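J.: Sharing a structure, written as structure tokens. Questions coming.
The values are calculated or read from the model by the stated rules, or taken from the named source; none is laboratory data. The structure presented is a predicted model; accordingly, all values stated were derived computationally and were not measured. Neighbour counts run over all protein chains shown; Cβ positions are idealised from the backbone, glycine included. Just so you know, the surface numbers come from the protein's heavy atoms only, side chains and all, with ligands and any DNA or RNA stripped out. Shrake-Rupley method; radii C 1.70, N 1.55, O 1.52, S 1.80 Å.
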Amino acid sequence: MSRTTLDQAAQSAPVSAAPLRMKSTRQLVDEALRGLPAPAPATPSWSHRLLPAAVRGLLADLGWWQDPAPQRPSAHLEQVLAVLRRYGWCQSLDVTATGRLCIRGAQALLEKTGHVTPQARDRAVHYLQQTLAQAGVTMQFFAWNDLPDQQFPAVQTLLETAARAARKNGE
């Protein structure tokens, strides 16, 4: 082919719809960092995680501690979601070294600090399992939480839906 034939072919070729754009390294780094989870805030104080009920009772008698009122299952599920939003969500461990919690870890923290009774927690677990069953999931909620492709928005939806179901049933 001659040079003029190539020029004519180039002129008759369709023009690209969009010019080629290259992103800067900074833009690529910013995009990658936006996909990472936010760093966990400060962990709950040791008094809220490890203080035994007897010590909390003594401190309450002295006026240095106000025991929380145990909540119904619907409020408990909302509190679990609030704890996960505040301290961060994790998988595979109830509590990580940085203070992130899974659903079961948040429930244990709330039970240990007096925010829920064991019976109300069991009822909340029933609503979690019921909500998963309605979605066709037959595994335990904590195993579902630990699935490799699980994301926090799905956990949030589970907790919100289970709390609505509990509230609808008067709990």
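J.: Does Ser92 satisfy the criteria of being part of a helix (DSSP H, G or I), among the small types (Gly, Ala, Ser) and in contact (Cβ under 8 Å) with a residue 24 or more places away in the chain? Spell out how you get there, then give the answer.
T.: Details: part of a helix (DSSP H, G or I): no; among the small types (Gly, Ala, Ser): yes; in contact (Cβ under 8 Å) with a residue 24 or more places away in the chain: yes.
When the stated conditions are applied, Ser92 does not pass them.
J.: With the checklist (1) part of a loop (DSSP other than H, G, I, E, B); (2) surrounded by 10 or more Cβ atoms within 10 Å (Cβ to Cβ); (3) more than 23 Å from the chain's Cα centre (by Cα); (4) at pLDDT below 75 in hand, flag the one item Trp64 doesn't pass.
T.: (2)
J.: Moving to a separate point now. Quick check on Asp149: is it more than 29 Å from Pro52 (Cα to Cα), open to solvent by 40 Å² or more (accessible area, probe 1.4 Å), free of Cβ contacts under 8 Å to residues at least 40 places away in the same chain and of a type in the set (Asp, Glu)?
T.: On the way: more than 29 Å from Pro52 (Cα to Cα): yes; open to solvent by 40 Å² or more (accessible area, probe 1.4 Å): yes; free of Cβ contacts under 8 Å to residues at least 40 places away in the same chain: yes; of a type in the set (Asp, Glu): yes.
Here the answer is yes, as Asp149 does meet what is asked.
J.: Within segment 155-165, is there a residue that is open to solvent by less than 60 Å² (accessible area, probe 1.4 Å), in contact with an Asp or Glu (Cβ under 6 Å, 6 or more places away or on another chain) and part of a loop (DSSP other than H, G, I, E, B)?
T.: no
J.: Related question: Looking at Val83, is it open to solvent by less than 10 Å² (accessible area, probe 1.4 Å) and either in a loop (DSSP other than H, G, I, E, B) or touching a residue at least 24 places away in the same chain (Cβ under 8 Å) (or both)?
T.: Values: open to solvent by less than 10 Å² (accessible area, probe 1.4 Å): no; either in a loop (DSSP other than H, G, I, E, B) or touching a residue at least 24 places away in the same chain (Cβ under 8 Å) (or both): yes.
Here the answer is no, as Val83 does not meet what is asked.
J.: Hey, can you tell me all the residues within segment 109-137 that are of a type in the set (A, V, I, L, M) and open to solvent by 40 Å² or more (accessible area, probe 1.4 Å)? Spell out the reasoning first.
T.: Of segment 109-137, the ones of a type in the set (A, V, I, L, M) are 109-110, 116, 120, 124-125, 128, 132-133, 135, 137.
If the condition is that a residue be of a type in the set (A, V, I, L, M) and open to solvent by 40 Å² or more (accessible area, probe 1.4 Å), then Ala133, Ala135 are the ones that fit.
J.: At pLDDT below 75 and among the basic types (Lys, Arg): is that true of Arg56 in this structure?
T.: On the way: at pLDDT below 75: yes; among the basic types (Lys, Arg): yes.
Criteria met by Arg56.
J.: So Ala106 clears everything in (1) open to solvent by less than 70 Å² (accessible area, probe 1.4 Å); (2) among the aliphatic types (A, V, I, L, M); (3) without any contact (Cβ under 8 Å) to a residue 24 or more places away in the chain except one condition, right? Which one?
T.: Of the numbered conditions (1) open to solvent by less than 70 Å² (accessible area, probe 1.4 Å); (2) among the aliphatic types (A, V, I, L, M); (3) without any contact (Cβ under 8 Å) to a residue 24 or more places away in the chain, the odd one out for Ala106 is (3).
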